[in-house]
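Each remark here refers to the structure printed beneath this line.
The values are calculated or read from the model by the stated rules, or taken from the named source; none is laboratory data. Given the structure is predicted, the values throughout are model-derived calculations rather than measurements. Every residue, glycine among them, receives a Cβ derived from its backbone with ideal geometry; neighbour counts consider all protein chains shown. Heads up: the accessible areas ignore ligands, DNA and RNA and are worked out on the full protein's heavy atoms, side chains in. Shrake-Rupley method; radii C 1.70, N 1.55, O 1.52, S 1.80 Å.
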Amino acid sequence: PRYRPDWASLDARPLPAWFDRAKVGVFVHWGVFSVPAWGSEWFWWHWQGQHDAAYERFVRRRFPPGTTYAEFAPQFTAHDFQPRQWAQLFQRAGARYVVLTTKHHEGFTNWGSPVSWNWNSVDTGPRRDLVGELGEALRESNLRYGLYHSLMEWFNPLYLADKQSGFKTQSFVLKKTMPELYDLVLKYKPDLIWSDGDWEAPDSYWNSTSFLAWLYNDSPVKDTVVVNDRWGRGCSCHHGGFYNCADKYRPGTLPDHKWEMCSSLDKLSWGYRSNMSLAEVMDEMSMIEELVQTVSLGGNYLLNVGPTKEGVIAPIFQERLLALGRWLDTNGEAIYESQPWRVQMENTTDTVWYTSKGPVVFAIFLLWPRDSDLHLSSPIPSPGTRVTLLGYAGTLKWQKSPGKGMLITLPYMLPSPLPPQSGWAVKLEGVK
């Protein structure tokens, strides 16, 4: 069937299955904002849109008088960017897809956009096609490629003129936003388009529905591409492909629509900050807890890193990503391709989360029970019930609980000088 350029038709498109199966992705925020590397990726806006005193002070102290944001671009060098190393790291992190910022609200494009003259990574700064190079490396590693793209640009004169008209004119959309989106799709054939920057204007201004109809009907990725929900004011959480709803969104109960939680290893920013401290970086336990909670509620987990202007992913971020990957090497069976179970979490305790695969149920607990007895009140065991711990050989003893559910005797863990890992998964076969 051909999709019409209206939400009723577009929202009826089934989500390509690869996205729900993937569960884990890595987000990369990289651009000219990586040069000042301070505050956040909204640096330009805080500095010159809001005239925030802290940002003005920072620029006065660090840069020559009269410095403009445009002068940061040549310092965005990507000298140490090795796309194959990134791809390898993301693969070892257990990611099944990667989303790169092709253009943030600053308007600088990480590829040679034909409508972003001299404000792109080929004409200035790296003098490289960052979008293309990373895409090639990811595909070699069998990872799906997503492109983040901001519809708006804070200081683009065309956008500001349209805004002035109350968005009755569309010069910016026709000359900048849409040519870039079509170019990205035709050139890089992405698996995912992660739209953003939509909140000031309605989707009718952005021409979102006609773009999506073309994407679903006639584009080279029409059968595989997945999109999010940021296509105009009021669309978020209502229209599009999967829902992001809001940054770091966490539903309390199981949503009835596929969704994704995006989270950042640096708790204060999506872009790289040179003054980031260890306390501001998410620890392994929080990361695993977010992942487990998200997947048990039917979501995907997209974890962000901000590389430096040279293209280095900070060692602390690498360490966290590799820790996530090690956890998934052991427990991935309970995560990838899983479905929410009839119960998502134990009411008795907030540390047991459930996922399922066909008749098999996984109970993921984040804290090791004191006496090594795990009490699960939701699964109903049968005489043939079989219990195993992922990453541990042999079956576990269990008995019916006096109340309801089951009591599982976990293997005795030797006291270790290292803190125990975060999170274990018990595989339950033959339970209801």
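Any residue at all in the range 269-280 that's over 26 Å from W30 (Cβ atoms) and touching a helix residue (DSSP H, G or I) at 6+ places or on another chain (Cβ under 7 Å)? Steps first, answer last, please.
Restricting attention to the range 269-280, the residues satisfying the condition of being over 26 Å from W30 (Cβ atoms) are none.
No: the range 269-280 contains no residue that is over 26 Å from W30 (Cβ atoms) and touching a helix residue (DSSP H, G or I) at 6+ places or on another chain (Cβ under 7 Å).
Quick check on this structure: which one of L322, L374 is among the aliphatic types (A, V, I, L, M) and in the same structural domain as A87 (by the TED database)?
Of the residues listed, the single one that is among the aliphatic types (A, V, I, L, M) and in the same structural domain as A87 (by the TED database) is L322.
Report, ordered by the first and then the second residue, all pairs with beta carbons closer than 9 Å, sequence separation of six or more or different chains, a first member in the range 97-113 that is without any contact (Cβ under 8 Å) to a residue 40 or more places away in the chain, and a second member that is open to solvent by 10 Å² or more (accessible area, probe 1.4 Å).
Cβ pairs passing all conditions: G112/V122; G112/D123; G112/D129; G112/G132.
Scan the range 226-270 residue by residue and report those that are among the acidic types (D, E) and either open to solvent by less than 10 Å² (accessible area, probe 1.4 Å) or not assigned by the TED database to the domain that holds F167 (or both). Talk me through it step by step, then tell me what you get.
Our first condition is that a residue be among the acidic types (D, E); within the range 226-270, this holds for 229, 247, 256, 260, 266.
Once the filter is applied, which keeps residues that are among the acidic types (D, E) and either open to solvent by less than 10 Å² (accessible area, probe 1.4 Å) or not assigned by the TED database to the domain that holds F167 (or both), the range 226-270 yields D229, E260, D266.
Of the residues S165, S171, S150, only one is within 21 Å of P190 (Cα to Cα) and either out of contact with any helix residue (DSSP H, G or I) (no Cβ under 7 Å at 6 or more places or on another chain) or surrounded by fewer than 20 Cβ atoms within 10 Å (Cβ to Cβ) (or both); which? First the steps, then the outcome.
Working: S165 fails: within 21 Å of P190 (Cα to Cα); S171 fails: within 21 Å of P190 (Cα to Cα).
Criteria check complete, one pass: S150.
With the requirement that a residue be under 26 Å from C245 (Cα atoms), without any contact (Cβ under 8 Å) to a residue 24 or more places away in the chain and assigned to a helix (DSSP H, G or I), what does the range 164-199 give you?
F172
Considering (1) in a helix (DSSP H, G or I); (2) over 20 Å from V32 (Cα atoms); (3) touching a residue at least 12 places away in the same chain (Cβ under 8 Å), say which one A161 fails and leave the rest.
Looking at each condition in turn, A161 falls short on (3).
Could you check the range 201-212 and list, in sequence order, the residues that are part of a loop (DSSP other than H, G, I, E, B), touching a helix residue (DSSP H, G or I) at 6+ places or on another chain (Cβ under 7 Å) and touching a residue at least 40 places away in the same chain (Cβ under 8 Å)?
Keep residues of the range 201-212 that are part of a loop (DSSP other than H, G, I, E, B), which gives 201-202, 207.
Then keep just the ones that are touching a helix residue (DSSP H, G or I) at 6+ places or on another chain (Cβ under 7 Å); that gives 207.
Result: no residue meets the conditions.
How about the range 387-403: which of its residues are surrounded by 12 or more Cβ atoms within 10 Å (Cβ to Cβ) and either under 35 Å from the mean Cα position of the chain (by Cα) or over 17 Å from E333 (Cβ atoms) (or both)?
Of the residues in the range 387-403, the ones surrounded by 12 or more Cβ atoms within 10 Å (Cβ to Cβ) are 387-392, 395-396, 398, 400-401.
V387, T388, L389, L390, G391, Y392, W398, K400, S401, listed by residue number.
List, please: which pairs have Cβ atoms under 7 Å, are six or more places apart or on different chains, and start with a residue in the range 6-23 that is acidic (D, E) and end with one that is outside any loop (DSSP other than H, G, I, E, B)?
These pairs meet every condition: D6/T209.
Given the conditions (1) on the phi > 0 side of the Ramachandran plot; (2) touching a helix residue (DSSP H, G or I) at 6+ places or on another chain (Cβ under 7 Å), which single one is not true for G394?
Of the numbered conditions (1) on the phi > 0 side of the Ramachandran plot; (2) touching a helix residue (DSSP H, G or I) at 6+ places or on another chain (Cβ under 7 Å), the odd one out for G394 is (2).
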